[in-house]
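A short write-up of the structure that comes next.
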Amino acid sequence: MLKLPGLGRLVTITLVAVITMGAASTAVRYNDLGHKMMCVCGCNQILIECNHLGCPDSDRMLGELRASIAGGSNDDAILTAFQEKYGPTVLAAPMLTKFNVIAWIVPPAVLILGIVATAVLVRRWRLRAAAIPATPPAPHFPAMRERIRRETEL
Amino acid sequence: MPTFGSFALLFALALSGYTLVAGAVALRQLATGSRSRVSPERLAETARRAGIGSFVATTAAAFALVWAAFNNDFSVAYILHHSNRALPGPYKFAALWSGQEGSLLLWAWLLSIYGFVLRLRHKVDVKLTAYASTILAGIQIFFLLLLNFAATPFSLVGGTVPPDGFGLNPLLQYPEMVIHPPMLYLGYVGFAVPFAFALGALMMRYPGEKWIHITRRWTMVTWLFLTCGIFLGAHWAYSVLGWGGYWGWDPVENASLMPWLTGTAFLHSVMMQEKRGMMKSWNVWLIFSTFLLAIFGTLLTRSGLVSSVHAFAQSSIGTWFWTFLVIVLSVCLFTFILQRDHLKAENKIESLVSRESSFLFNNLVLLAACFTVLWGTLFPVLSEYIQGNKVTVGAPFYNRVAVPIGLFLLFLTGIGPLLAWRSSSFKSIRKNFVLPSIAGVVTAIVVIACGVRPWEIFTTSDQGSFYSFIAFTLAAVVVTAISAEFLRGAGVIARHTGQNLLASMVHLARRNTRRYGGYIVHFGVVVIFIGIAGSAFNQSKEEELGFKQSLNIGPYRIDCQSYSQDSNANYDTEYALLDVYRGGKKVTQLAPEKRFYTASQQPSTIVANHSTLAWDLYVIYAGKNPDTGQPIIKVFLNPLVAWIWIGVGIVVLGTGVALVPNMTAALAASRNRAVALTPSAEAVAARGGD
């Protein structure tokens, strides 16, 4: 007897959660997808943010987006369909396909390469400096050191 | 007046040409020791004076265009297309930079002002200034050639002159547009000065680092102008474009960000050259790149290379800019190759964990950010060239790629000042990092307790919560690190002088304005990051709002009191009067508008914004429902936006502090003695001391 209400509660909670999740995900998906596309009227604005008076395209496109989501298409299919209809510039960022993947890879690759190269370079300088026997400080060194101390400490 | 303007431009070109040629000949004679009838010193002096004359002539041309705007001289094609009789006075002045030709004239005029100041202050270093003046004249010639032959602002209208002009673009009829473009241009153009000094110093194999001292202030002022220009632009976009945001990663916005990033890197890395004689080649190339990117940014907005809502009309002047870029790059490369032995570093970095390394990494990250922005801006062009079709690289790309780089930079901002020059010991790292780390952990816990869910990045496509979590945590680390630095130094002064902590902090900052001004700038940057992090929690709602109908968003209730329309000579307007309530109490009344400008026949949004430290209630009049005739109101609740503008104010303050000369050691000592003799800080304040 005790188990049934518990099970009932579980089923109810799961059901409510699934239904709510579905409702939320539709709105979230609409918002997400609306932010992943551009208005095609030439205003260069994100589709869901396009706000200019009398825009000939954004309302229609948003309607199509709502219809596509309601029709049960998944995100990729919707984006592909929009791309086929309006051309690749409708996507606010390049998809991860063939050549376009370069757009995403190159900046982080440049940063990582730069960090690695810098680390290697500094290490090499350090090793080279360690290999050279210590020389007496240059005449201007104490003055410089004093200046650094003044500027970095009190 | 158009004839006068045209003549002034031609005369300015002739004078700049003389400055370049006479300056170059004089410097050549000085370098080789050859003599002619006129001594090189006298020749250089005539070149300097011609440069000053060029400023007068360019100013006259700019005045002529503004005069034409104020006098509704629609025989000038530029005025016909960018002004009208009903246009308010300040916007008639703004017409100077509202179009292609006028904005190029503004470029030339500002450059001539910088050149004028530089030539007046030539005694700082006569020879180096002569080099810089000659190089600036070369740049000025390019812009004057454009203005005289490719984009003439004084072209006359053919046939009958229309009785009224076509008006100014409505988006530009906003108070900030009177100040944002000049600020931005002061930034762009200003980088020509440190560029000219750097190139001049390299050409003449300038001994030592004095050229950096000379240009430091120029660079900082320029950087400040560019910073203000960028954020005024962001504020303008936020207030006028009406999409609820302030930065859209538009190519033109990106164009202003790129020189700012390299300029920021330069401001940091020159410290390495000053203190340790390192990174000389790097610094020279940083300032070269910054100037080239400023020119490239100008090219982007004018050539039609990339599409942007902010761009000027597509024109043929792109070819001129490309040619100029190639010439400048060639001169830089040639000079560098010829003189590269002069740029040999005196020291090398000795440890990965040192202040020098942190500067190096800071530079690297700034350049990576710059590269990312450049890459994203140009990728559509690359894609079209290789794939045959254009793609859009918009906000989603930058949010995923550039934002993490920005956060990494914020991290470096926090740890850099905690590291010692040359090498940091483990003990000092542990000592300096404990407090900021604790602050970071505590903030992370508080942020999660407040409902931010960073782990959502693994379950949804939304990265906002994760980024804002990282931003808040890092902000706490950086603020604690900066505060600890200030308090540590101020504590020492307070102990020695008996001043209170605040007075000691002021005293501390005055003793090393550059360092502590820099910390204030960093603090401002952190505040800006906090403001930006708030965007992850934006909310919006759009509803038709009839008379006495309400809309709820966040803690606010918005009641429509009335909606109406009005008109004046310049525009027709539709607006709604909305009462805003919080907790049942009326807090303000907002009046969002939609204007339709008569002359240009273009609409414009006038956003109504109720800004608090917690959030902005940002309301747009989105139009009328044609069926019901009722207004459609779009409302955004944007958290923490005000902190962005506050952060910019702090950056301005910090830069101002850094620009003030240090209180000299002697003065400090005398003041300290005076303070030591007095029993309290009040007595010092009464005497006008620190």
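The values are calculated or read from the model by the stated rules, or taken from the named source; none is laboratory data. Please read all numbers here as calculations on a predicted model, not as lab measurements. All Cβ positions, glycine included, derive from the backbone under ideal geometry; neighbour counts span all protein chains shown.
Below are the figures for this structure:
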| read-out | value |
| --- | --- |
| Any hit, segment B:174-188, residues being hydrophobic (A, V, I, L, M, F, W, C) and at pLDDT below 85 | yes |
| Segment A:113-127, subset among the β-branched types (Val, Ile, Thr) and closer than 13 Å to B:SER354 by Cβ, residue farthest from the chain's Cα centre (by Cα) | A:VAL122 |
| Any hit, segment B:380-395, residues being in a helix (DSSP H, G or I), crowded, with 18+ Cβ neighbours inside 10 Å, under 21 Å from the mean Cα position of the chain (by Cα) and more than 7 Å from every other protein chain (Cβ to nearest Cβ) | no |
| Qualifying helices (runs of 4 or more DSSP H) (wholly inside segment B:1-87; at least 1 residues being of a type in the set (Lys, Arg) and on the phi < 0 side of the Ramachandran plot) | B:2-32, B:40-70 |
| Residues within segment B:491-514 that are in contact (Cβ under 8 Å) with a residue 24 or more places away in the chain and closer than 21 Å to B:GLY656 by Cβ, tallied | 9 |
| Pairs, first within 17 Å of B:GLN273 (Cβ to Cβ) and more than 7 Å from every other protein chain (Cβ to nearest Cβ) in segment B:359-373, second surrounded by fewer than 24 Cβ atoms within 10 Å (Cβ to Cβ) and of a type in the set (D, E, K, R), C-beta under 9 Å, six or more apart | none |
| Every residue from segment B:507-546 that is closer than 25 Å to B:VAL477 by Cβ, more than 26 Å from the chain's Cα centre (by Cα) and among the aliphatic types (A, V, I, L, M) | B:LEU508 |
| Flag for B:ILE438 being surrounded by 19 or more Cβ atoms within 10 Å (Cβ to Cβ) and free of Cβ contacts under 8 Å to residues at least 60 places away in the same chain | no |
| Matching entry among B:ILE317, B:ILE295 (being more than 26 Å from B:PHE361 (Cβ to Cβ) and at pLDDT 85 or above) | B:ILE295 |
| Filter result for the condition that a residue is surrounded by 18 or more Cβ atoms within 10 Å (Cβ to Cβ), small (Gly, Ala, Ser) and within 30 Å of the chain's Cα centre (by Cα), over B:ALA57, B:ALA77, B:ALA8 | B:ALA57 |
| Single condition B:ASP462 does not satisfy, out of (1) modelled with pLDDT under 85; (2) part of a helix (DSSP H, G or I) | (2) |
| Filter pass, B:PHE55 being more than 22 Å from B:HIS180 (Cβ to Cβ) and out of contact with any Cys (no Cβ under 6 Å at 6 or more places or on another chain) | yes |
| Pairs where the first residue, in segment B:317-336, is closer than 14 Å to B:ALA150 by Cα and the second is among the basic types (Lys, Arg) and assigned to a helix (DSSP H, G or I), C-beta under 9 Å, 6+ apart | B:ILE317/B:ARG302; B:GLY318/B:ARG302; B:PHE321/B:ARG302 |
| Among the candidates B:ALA668, B:ALA685, B:ALA642, residue that is part of a helix (DSSP H, G or I), at pLDDT 85 or above and either surrounded by 15 or more Cβ atoms within 10 Å (Cβ to Cβ) or not polar (S, T, N, Q) (or both) | B:ALA642 |
| Single match in B:ALA201, B:ALA237, B:ALA255, B:ALA265 (criterion: free of Cβ contacts under 8 Å to residues at least 24 places away in the same chain, at negative phi and part of a helix (DSSP H, G or I)) | B:ALA237 |
| Tally of residues being facing another protein chain (nearest Cβ under 9 Å), in contact with a Lys or Arg (Cβ under 9 Å, 6 or more places away or on another chain) and either of a type in the set (Phe, Trp, Tyr) or in a helix (DSSP H, G or I) (or both) across segment B:332-358 | 2 |
| Members of segment B:617-634 found to be assigned to a loop (DSSP other than H, G, I, E, B), surrounded by 12 or more Cβ atoms within 10 Å (Cβ to Cβ) and within 14 Å of another protein chain (Cβ to nearest Cβ), listed by number | B:ASN625 |
| Test: residue in segment B:403-419 that is farther than 21 Å from A:ASP32 by Cα and either of a type in the set (D, E, K, R) or facing chain A (nearest Cβ under 7 Å) (or both) | yes |
| Any hit, segment B:500-511, residues being farther than 30 Å from A:SER25 by Cβ, away from chain A (no Cβ under 14 Å) and in contact with a Pro (Cβ under 8 Å, 6 or more places away or on another chain) | no |
| Any hit, segment B:410-431, residues being of a type in the set (Lys, Arg) and not assigned by TED's automatic domain parsing to the domain that holds B:ILE530 | no |
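Yes/no per residue for (1) part of a helix (DSSP H, G or I); (2) more than 22 Å from A:GLY42 (Cβ to Cβ); (3) modelled with pLDDT of 75 or more; (4) not assigned by TED's automatic domain parsing to the domain that holds A:ALA27:
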{"position": "A:GLY63", "(1), (2), (3), (4)": "yes, no, yes, no"}
{"position": "A:THR80", "(1), (2), (3), (4)": "yes, yes, yes, no"}
{"position": "A:GLN83", "(1), (2), (3), (4)": "yes, no, yes, no"}
{"position": "A:THR89", "(1), (2), (3), (4)": "yes, no, yes, no"}
{"position": "A:ALA117", "(1), (2), (3), (4)": "yes, yes, yes, yes"}
{"position": "A:ARG123", "(1), (2), (3), (4)": "yes, yes, yes, yes"}
{"position": "A:ARG128", "(1), (2), (3), (4)": "yes, yes, no, yes"}
{"position": "A:THR135", "(1), (2), (3), (4)": "no, yes, no, yes"}
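Conditions tested, residue by residue: (1) within 14 Å of chain A (Cβ to nearest Cβ); (2) within 25 Å of A:CYS50 (Cβ to Cβ); (3) surrounded by 14 or more Cβ atoms within 10 Å (Cβ to Cβ).
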position: B:SER564; (1), (2), (3): no, no, no
position: B:SER567; (1), (2), (3): no, no, no
position: B:THR573; (1), (2), (3): yes, yes, yes
position: B:GLY583; (1), (2), (3): no, no, no
position: B:VAL587; (1), (2), (3): no, no, yes
position: B:ALA591; (1), (2), (3): no, yes, yes
position: B:ARG595; (1), (2), (3): yes, yes, yes
position: B:TRP615; (1), (2), (3): no, yes, yes
